[in-house]
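Okay, so here's the structure we're looking at.
The values are calculated or read from the model by the stated rules, or taken from the named source; none is laboratory data. Predicted model, so just to flag it, every value in this text is computed and none were measured. Don't worry about glycine lacking a Cβ; one is built from the backbone with ideal geometry, like all the others, and counts go over all protein chains shown. Just so you know, the surface numbers come from the protein's heavy atoms only, side chains and all, with ligands and any DNA or RNA stripped out. Shrake-Rupley method; radii C 1.70, N 1.55, O 1.52, S 1.80 Å.
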Amino acid sequence: MRARSGPTVEHRVLAVRLRRLRERAGVSLRAAAEALDAHPATVRRIERAETGLDARQVRELLRCYGVPPAVAEPIMTGLTAANLPGWWHRWRDEMEGWQQETIGMESSAGLVRTWHPALVPELLRTPAYAAALYRTQYPDDGPARRERRVELLEERRRRLDERGAALWALFPAAALHTRVGDRGTMDGQRAALAEAMEERHITVQVVPLDHPPHPLTGVPPLHILRVPVPEIGDLAVLETPGVRVDLVDDPDAVTAHRIRLDAACAAAPGPGTPLPP
């Protein structure tokens, strides 16, 4: 079975609008499902952007909610764009399940904040560093599939740079001493980090080896994605490699993660501090 590529932001926005229209109309999930002659789970999946937006179903839902033409028409017009596969669709078989859910958010994010407790954060990795790491992380993959994973990472970074999205990364100096690949790979990674630190839209903070504990000490990789669209709140991604990945969109929970990240960044040497030896 082919992996399902995640929804685009356009798809998520329309799904949120449909949910809000139902709630404002005071229509229950069951009543909406009856209008479609379907199960309530079908409406729930539509509202969570877990399935494609079928024009007939959307039109019937809008009729059920009593949505006036001036509001309904832009939604119907936007269906085509919302149902188009994202640029990442061609790499869907090389993506983890959680990446398939978050890639659309990352691809439209105006700000990506990331913490890694032991390695150089993903969006700052050189192709050589990433390839060496993938050989350890995915030992059952052949060279061709690992190369595809590297291609996907490069495309993610290229698109982030192209739209000038802000990337703010925090990681410990131990990452610079954890040898991934050979010495040339590590030298190249360090040089790439130094170069990235000169870019206006990238902020890099490195916690020194002799630094006291901070609010993210011992915490698994954490990413916070912010999309400049009012219908979509921030998303927090908390990785526990090999165990699970938690996707958090509850505003209170995301705020709690953001506060810890803020505090950790405040405790670390400021942006622009040279990389430690």
Take residue 63 and residue 195, extend 7 Å from each Cα along the Cα→Cβ direction, and tell me the distance between the two endpoints in nm. 5.8
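In nm², what is the average projected area of the convex hull enclosing the Cα atoms of segment 95-204?
If you wrap the Cα atoms of segment 95-204 in a convex hull and average its projections, you get 6.8 nm².
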Given R₀ = 30 Å, what would the calculated FRET efficiency be for residue 54 paired with residue 250, taking r from the Cβ atoms and rounding to 0.05? 0.60
Rounded to two decimals, what is the ratio between the C-alpha radius of gyration of segment 183-235 and 2.2 N^0.38 Å? 1.57
Subtracting the Cα-Cα distance of residue 155 and residue 141 from 0.36 nm times their residue separation yields 3.0 nm
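Calculated FRET efficiency, residue 210 and residue 262, Cβ-Cβ r, R0 30 Å, to nearest 0.05?
Working: r = 23 Å, r/R0 = 0.75.
That gives a FRET efficiency of 0.85.
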May I ask you to give the solvent-accessible area per residue for segment 48-176, in square angstrom, as obtained with a 1.4 angstrom probe? 45
Roughly what would the spin-label model give for residue 177 and residue 162, points 7 Å off Cα along C-beta, in nm? 4.0
Can you report the principal axis dimensions of segment 37-81 using only the alpha carbons, biggest first, rounded to whole angstrom? 28, 24, 15
Given 249-256, 9-16, the highest-first ranking by average Cβ count within 10 Å works out to 9-16, 249-256
Considering every pair of different Cα atoms, what Kirkwood radius, in Å, is found for segment 189-277? 14.9
Taking the Kirkwood radius as the inverse of the mean 1/r across Cα pairs, report the Rg/Rh of the chain. 1.03
Stokes-Einstein D in µm²/s, Kirkwood radius over Cα pairs - segment 112-271 at 20 °C with 1.002 mPa s viscosity: 129
Give me P(r) over segment 45-135, computed from all C-alpha to C-alpha distances, binned every 10 Å, as integer percentages. 12, 33, 26, 17, 10, 3
Per DSSP H run of at least 4 residues, take -39500 (n - 2.57); add these up for the chain, divide by its residues and hand me the 222 nm value, nearest 500 deg cm²/dmol. -14500 deg cm²/dmol
